[in-house]
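Accompanying notes for the structure given below.
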Amino acid sequence: MKRTLLFTWCALLLLPLTVYSQSEYPENEEVQITAADGLTLVGDFFPPTSPQSDGALAILFLHQHGGNRVDVAFLAPLLVDQGYALLSVDLRGHGDSGGEEDWEAVTGDLQLWTEWLQSQPGIRPSNGLATVGLGVGGNYALIACANDANCQTAVAISPLAAGCEVVSCIEELDGVQRSTETITYIDTTTTAALTDGLLRRSVLLISSQRNFTADSAQYLVSISRGEVQANFFGNSAFGMEFFAGRLKDRVTNLVVGWMNEHV
């Protein structure tokens, strides 16, 4: 097992910094699929601007609690310009997907999304999937990647874990009151992903040093059996806050650089 903990920004400074505005949001297609319980799920699909000859890598993006699929705005331009196909979805209970929050049902929803994504023309036929998520979406990025044999790598930004007393942590910054059963489910399935499902794949964790996500990321690194790198920023940012201000371009380029290196 390979574990790497990075507490400086030195590696980031070697990456090209590119600034995009919301007006440069790439063209996309709204997509709807039907979940197992009949709920209509909604996402935005961004085809690559320059597809690669062997097919594009497909990336699934998952927002944090209280967010929606548009949260991918600052990440989408670089990814599609690099030749990746991108799908950003509204989790159930969020955005246009509607319905009630049901985190156990999300796992099944994501399997449907990854199947849809990989069925699109021009997508790499094998080893052609990656996942990226924020907050609890980061947990599900790990879970979705572990559940798909075609997934090569997962990126989790501000993931949550029992190592930081998950009940108080989720209520503090992820902005939601959840039942103990739901929290246990999220943590158990994340643990299974890192100890078994992602054994032969790579994982990038991005976290703050100054809030509970540092403990969470360190805990997830400690239980991982695969290749995992954790980057810790000297701030208290959580989820979407990594894509605001001076952090935006550095974190965006870190994610894109990880994709370029690991797929």
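Looking across region 150-197, the residues that are assigned to a loop (DSSP other than H, G, I, E, B) and modelled with pLDDT of 90 or more come down to 150, 158, 159.
Kindly provide the set of residues from region 39-74 that are more than 18 Å from residue 140 (Cα to Cα) and of a type in the set (A, V, I, L, M, F, W, C), ordered by number. 39, 45, 46, 56, 57, 73, 74, listed by residue number. Taking each residue of region 24-38 that is assigned to a strand (DSSP E or B) and looking for partners that are surrounded by fewer than 16 Cβ atoms within 10 Å (Cβ to Cβ) with beta-carbon atoms closer than 8 Å, six or more apart or interchain, yields 32/40; 33/40; 33/112; 34/40. For residues in region 127-149 being part of a helix (DSSP H, G or I) and without any contact (Cβ under 8 Å) to a residue 60 or more places away in the chain, which is nearest to residue 187 (Cα to Cα)? Residue satisfying both the conditions and the ranking: 139. Just for region 84-105: of the residues that are in a loop (DSSP other than H, G, I, E, B) and in contact with a strand residue (DSSP E or B) (Cβ under 6 Å, 6 or more places away or on another chain), which one is modelled with the highest pLDDT? Applying the filter and picking the extreme gives 90.
When 242, 232 are screened for being closer than 22 Å to residue 202 by Cα and part of a strand (DSSP E or B), only 232 passes. Taken together, the residues in region 50-62 that are assigned to a strand (DSSP E or B) and under 22 Å from residue 249 (Cβ atoms) amount to 3. Can you tell me which residue among 89, 70 is surrounded by fewer than 22 Cβ atoms within 10 Å (Cβ to Cβ) and of a type in the set (A, V, I, L, M)? Answer to the selection: 70.
If you go through region 63-83 and keep only what is under 13 Å from the mean Cα position of the chain (by Cα), part of a loop (DSSP other than H, G, I, E, B) and either of a type in the set (A, V, I, L, M, F, W, C) or within 19 Å of residue 130 (Cβ to Cβ) (or both), you end up with 63, 64, 75.
The values are calculated or read from the model by the stated rules, or taken from the named source; none is laboratory data. As the structure is a prediction and not an experimental result, all values here were calculated from the model. Positions of Cβ are generated from backbone atoms using ideal geometry, with glycine treated the same way; all protein chains shown enter the neighbour counts.
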